[in-house]
Structure formats: structure tokens, C-alpha cells
Amino acid sequence: MAIQDETIGFIGLGAMGKGMASNCVKKGFKLVVYDIRPEPVTDLTALGASNAQSVRELAARCSTIITVLPTGREVDEVVMGSEGIFAHAQQDTLVVDLSTIDPETTDKLHDMAKAAGFRALDAPIGRLAWHADRGESLFMVGGAHEDFDGVRPLLEAMGTTIHYCGEGGTGTRTKLVNNYLAIILCQLNAEALSLSQRFGLDLATTLDVIHGTTATNGQLKVNWPNKVLAGDTEPGFAIDLAHKDLSLILQAANAARVPLPVAAAAREAFSMARARGFGGQDFSSMVDVLCDMAQIERVRQSEH
């Protein structure tokens, strides 16, 4: 049966999940949704989705189930726990986990799925919440190629860029490498722009110089002008989540015996930001943290 004809389960309607689920419904997929918070479920049912009262109910109704969850602990409980998907789903159900979690939990997910007669893909999300809202997410997928081929139309309903990374676990590991660079760049940009602010440099001129050399980067050129430099610190990707991902990255690197001293230093900087109350703000707000500490005016683009 083509995935367009299946009933799709969707668990996790947070900042990323709600936008992606909405795009699935708008593009004709039959969704059954579940979240511990009633508000996003109400919004999705208004668009045409059905709702489930529990993970157990959803698992019994759906042959393909997407999960978008905060950490490996929730993935373990929701997918592999006693009241989870594997305990109540039909045999051969496909679980597509879009969460950014530790590789050990992803490997456990694949191993348990295989042993219990289910299928699994790890397909963590690239890009930000506003991309998810617009159906422009990026996915990094690990698992059996035939499962990837089958679910691709569903991923295309949620995103514009889809990479098949290889066997199970490669999607999660690719996501950690990608997020390492994205988060580190925010810290570097924050330090550079706070320094330029202390020097009294013109921001527009400074950015023109940076973007004309190899010092430029996607965070500074694409994301920051729409976020902190425009005075918008609502989280597309929160400092709390960046800190979580840096912790996952360091944990995975330690297990693989790869030293990441820059990641360790950056995590402490993000820990400092959280301690100062910035955890819920966009990770581009790291520049505000440094400016406040240095007692200099925050960096903002001129309206003119």
C-alpha cells in the first residue's frame, strides 16, 4: 500500500512537529496525532487530523508512525516502553524517529525494531522551526533503503531537502556533526560581533567585510539577520536545545574517542547563558549574553 493511502501516526507537536504535521494534513495525508499538550492537538484536528487519547491507541491505528520528541529518554519510553509503540503496534509497523537524540538510543531503536518484527528509520530534522512551518525542513535519514523509498513522499510533504545517509543510526550521527558546526558558529559569531561592538565598528560595514571573505558562515549570513540582529530572540532553535545537542555531541565523541575541545568550551558558554536566564531564547542570542556581560549595547541592525 502506498504511503499516501495509509493512516499515519504523528507523536510530538512541539515547535518543529506541529508545523510538519500541519503540512502533512494540508497535503492530503491521513494523520492521527498525539501530544501530552491539548492545544496543538486541537489545532491539528481543526485542520482535519484525527486525535488519539494515548500512544497505545495511536499505535494500534497506524502502520507508519512519526515521532518528534525532546530527548532519548522520551523516545525510549514512547517507542520502546511498556505502553509504547512496539508494545501495541501491528507487526511490520514503520517508526520514523525525527528526534535529535544520542546514537545509543537510536541504535537500540533499530535493534529492538528488527528483533520484534518492526521497521525503523532515524531521520532527524535540519533547519529551524520557521522552515518546518513552511514545509522546508531538511532530513538526514538512516535505515533500510526500501523503507526510505517508501516514506519519501511523506518526508517531501514536510521538507524540501532529503538525504539518505546509510544504515540505521547514520541519520542521527550526521545530525550531530551538522549541529556541532551550527552551534559552534553561533558562539564564534557572538564573540566576533560583541568584539566589533566594543570597538565601535559599524555593523553593516563589518558584515559586508565578513561576507566577502572566508570568515562568512550560514548562521551569520542567513539566520542572524532574521533573528537576533533584527531584535527577534523568539526561539527558532533555543539555547536550551543547543546546550542539549552539545552535550549529546560530546557524549558521542567521548564514546568514539574523538577529542572536541572547542565543543566542550562552547557548552560551558551555553551553560553560562542558561544560568543567566537565556535558555528559552534563540541560540543567536548568545551575542546578547556576551554584550550584557561586557556591559556594551546589544548588536542590532539599523532600521534604515
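The values are calculated or read from the model by the stated rules, or taken from the named source; none is laboratory data. Since the model is a prediction, treat every value here as computed from it, not as a measurement. Every residue, glycine among them, receives a Cβ derived from its backbone with ideal geometry; neighbour counts consider all protein chains shown.
Filter region 112-143 for residues that are at pLDDT 95 or above and in a loop (DSSP other than H, G, I, E, B); which is nearest to THR93 (Cα to Cα)?
PHE118
Can you say whether ALA15 is farther than 20 Å from ASP147 by Cβ, touching a Leu at 6+ places or on another chain (Cβ under 6 Å) and small (Gly, Ala, Ser), as far as the supplied structure shows?
In short, no.
So GLU6 passes all but one of these: (1) farther than 17 Å from LEU154 by Cα; (2) of a type in the set (D, E, K, R); (3) modelled with pLDDT under 95. Which condition number does it fail?
(1)
Every residue in region 210-220 that is surrounded by 13 or more Cβ atoms within 10 Å (Cβ to Cβ) and in a helix (DSSP H, G or I), please.
Passing the criteria: ILE210, GLN219, LEU220.
Within region 169-204, take every residue that is charged (D, E, K, R) and assigned to a helix (DSSP H, G or I) and give me the one that is surrounded by the most Cβ atoms within 10 Å (Cβ to Cβ).
Looking at residues that are charged (D, E, K, R) and assigned to a helix (DSSP H, G or I), I get LYS175.
What residue, among those in region 234-283 that are crowded, with 20+ Cβ neighbours inside 10 Å and in a loop (DSSP other than H, G, I, E, B), is modelled with the lowest pLDDT?
For region 234-283, the residue satisfying everything is GLY236.
Filtering region 106-157 down to residues that are on the phi > 0 side of the Ramachandran plot and under 20 Å from the mean Cα position of the chain (by Cα), which residue is surrounded by the fewest Cβ atoms within 10 Å (Cβ to Cβ)?
Restricting to residues being on the phi > 0 side of the Ramachandran plot and under 20 Å from the mean Cα position of the chain (by Cα), the top hit is GLY135.
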